[in-house]
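We did not get these values from a lab; they are worked out from the coordinates using the rules stated. All values derive from a computational prediction rather than experimental measurement. In this analysis, Cβ positions are derived from the backbone assuming ideal geometry, glycine residues included, and neighbour counts consider all displayed protein chains.
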């Protein structure tokens, strides 16, 4: 099993586990590898040293890498919380946001999908909306 350090075009770093280097290259060519943070499938392999598991060895310290990993973990926790506390109205987002704004439906936190044009129209009407890209890893049912 090969553990590779990978990075998406947005600078998110993550690990990928592959049966071989050829397996990585095959999956990369077919765009099957996806960033767990933003969902981008244009990933590149980062240079990395071989990893040895030696008893009693201490892990090398990398404050910048640790800080980035902690930030990504906080972002993922925040996204999970938003998903847990909102109702997914799917492609009816613009319609439902208007109904809530004009007191035609109960006030509640919603999320969904809309076009950029509809989002701008909502803002023009005084309805606050915020785009929130959700990584594919979080689109599955929450456990």
Arranged by the count of other C-beta atoms within 10 angstrom, fewest first, what order do 127, 37 take? 127, 37
Determine, for 10, 101, the number of other Cβ atoms within 10 Å of each Cβ, and report the residues in order from fewest to most. 10, 101
So between residue 23 and residue 48, what do we pick up on full extension, going 0.36 nm a residue minus the alpha carbon distance? 7.2 nm
Once you have a ≥ b ≥ c as the square roots of the Cα gyration tensor eigenvalues for region 86-129, tell me rounded if a/c is under 1.5, and otherwise prolate or oblate according to whether a/b is larger than b/c. oblate
Compute the length gained on full extension between residue 104 and residue 69: take 0.36 nm times their separation in residues and subtract their Cα-Cα distance, giving the result in nm to one decimal. 8.3 nm
List the relative contact order of region 86-129 as a percent without decimals, with contacts defined as Cα pairs under 8 Å and 6+ residues apart. 43
